[in-house]
1. On the given criteria, is Ser66 of a type in the set (Ser, Thr, Tyr), loosely packed, with under 14 Cβ neighbours inside 10 Å, farther than 21 Å from Trp157 by Cα and out of contact with any helix residue (DSSP H, G or I) (no Cβ under 6 Å at 6 or more places or on another chain)?
2. I need the full set of residues from region 221-240 which are in contact (Cβ under 8 Å) with a residue 60 or more places away in the chain, out of contact with any Leu (no Cβ under 7 Å at 6 or more places or on another chain) and closer than 13 Å to Ala3 by Cα, in order please.
3. Within region 150-161, which residues are surrounded by fewer than 15 Cβ atoms within 10 Å (Cβ to Cβ) and not charged (D, E, K, R)?
4. Among the residues that make up region 107-123, is at least one of them among the hydroxyl-bearing types (Ser, Thr, Tyr), under 22 Å from Glu172 (Cβ atoms) and either out of contact with any strand residue (DSSP E or B) (no Cβ under 8 Å at 6 or more places or on another chain) or surrounded by 19 or more Cβ atoms within 10 Å (Cβ to Cβ) (or both)?
5. I'm trying to understand the selection: among the residues of region 80-100, which are more than 16 Å from Ser192 (Cα to Cα), out of contact with any strand residue (DSSP E or B) (no Cβ under 8 Å at 6 or more places or on another chain) and surrounded by 19 or more Cβ atoms within 10 Å (Cβ to Cβ)?
6. Hey, among the residues in region 209-226 that are closer than 16 Å to Thr169 by Cβ and at pLDDT 95 or above, which one's surrounded by the most Cβ atoms within 10 Å (Cβ to Cβ)?
7. Are any residues in region 228-248 modelled with pLDDT under 90 and either touching an Asp or Glu at 6+ places or on another chain (Cβ under 9 Å) or within 17 Å of Val11 (Cβ to Cβ) (or both), and if so, which ones?
8. Among the strands (runs of 3 or more DSSP E) contained in region 44-159, which hold 1 or more residues that are in contact (Cβ under 8 Å) with a residue 12 or more places away in the chain and under 18 Å from the mean Cα position of the chain (by Cα)?
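The values are calculated or read from the model by the stated rules, or taken from the named source; none is laboratory data. Given the structure is predicted, the values throughout are model-derived calculations rather than measurements. A quick note on method: Cβ atoms are made from the backbone with ideal geometry, for glycine too, and the neighbour counts reach across all protein chains shown.
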Amino acid sequence: MTAAFALQDRVLISPRHLAGMGEDYLGDVGGPLIQLFKWHVENGPSAGHVVISSPDHSVDLDVNPSEPRGRLWTITHHEADWRIQLSQHTPVEAVAAVAQALPQTLGDNRYRDRIPLIDMPLENIAAANGWKAEQGAFTSPDGHCTLINTPDNEQPWAFSHSVYEALGTEWEATFSRRAPLLNQFFAHISTSEPVQRRFGELNETVREFFLADSLPHTVITPTRGTALGPAVHHAVTQIAQSAPRLRR
C-alpha cells in the first residue's frame, strides 16, 4: 500500500526525472560557478533574469523565468558556437551537473575531483540504468522520459518528459551539435539514485498518480523515521517494488 505524506514532508523520490526543478534552483545551479570558480553575475532586463558568465566571457549561463518558450536555462559558448537549452521543470540536479562541469570544458580543472566528468558512452549509461535503446532513441523504464537523436536537426539531441501530458510535468532539454556534457546530463537524469524534495514540491499529477498506485516505477519514501536511514530505506523499497516486475 502506498504511504501518505503531508505536503510539507521531505521525501526522497526516484526516478529523478519526475522530481521537478526544486525550490532553490538558481542557488543550486549558479552558486558553485560564482563562489568556487568566480564567474560573473549580472541581472537581466526582466524580473528574475540572471546571466552568469565565465571569467573570459566566452560562456554564458542565462537564467530567464520569462523566456517565451519556457526555456529557463540557456548555456551558450559564443566562440565555439554551441548551445544547451533546458526548460522549466527540468530537475535541478541534472542541470547543476552540467553547469558545474562547464569550467572544465574551458580548461579550469579546479575541483575536478569533486565534479567528475562522465565519459561513459550513452549506450552504457542507458544500459546501466535500465533505459531501453532502439532506433536512435533511449526511453526510461517508465516510458515518461526519452532522449532522441535527430542527426539533421540543429539541436540533434533532445530530451523530452511528460507524465500523461499533464501540465507542469513536461520539460525538455536540447544539445546542439558541438555542445559538450550530453553524457553528463544523461547520467544525472537517468540514475536510479533519488533526490530530495518536499512532497508538496512534486507536481500534483505525480502526487495523485503515486498515491493511486498508478506510477509503478516511482518510489517516494520519507527522509525521517526510518530505522535503516533514508537512503538505505529508499534503496530497499526500490528493490521490493521492482521484484514483481522482474518475475513477470
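1. Values: of a type in the set (Ser, Thr, Tyr): yes; loosely packed, with under 14 Cβ neighbours inside 10 Å: yes; farther than 21 Å from Trp157 by Cα: yes; out of contact with any helix residue (DSSP H, G or I) (no Cβ under 6 Å at 6 or more places or on another chain): yes.
Here the answer is yes, as Ser66 does meet what is asked.
2. Residue satisfying the conditions is Pro222 alone.
3. Thr150, Pro151, Asn153 - these are the residues of region 150-161 that are surrounded by fewer than 15 Cβ atoms within 10 Å (Cβ to Cβ) and not charged (D, E, K, R).
4. The answer is no; no qualifying residue exists.
5. If the condition is that a residue be more than 16 Å from Ser192 (Cα to Cα), out of contact with any strand residue (DSSP E or B) (no Cβ under 8 Å at 6 or more places or on another chain) and surrounded by 19 or more Cβ atoms within 10 Å (Cβ to Cβ), then Ala96, Gln100 are the ones that fit.
6. Across region 209-226, the extreme among qualifying residues is Ile220.
7. Scanning region 228-248 gives Leu228, Gln241.
8. Working: elements: 50-53, 59-63, 73-77, 82-86, 132-134, 137-139, 145-149.
Qualifying strands (runs of 3 or more DSSP E): 59-63, 73-77, 82-86, 137-139, 145-149.
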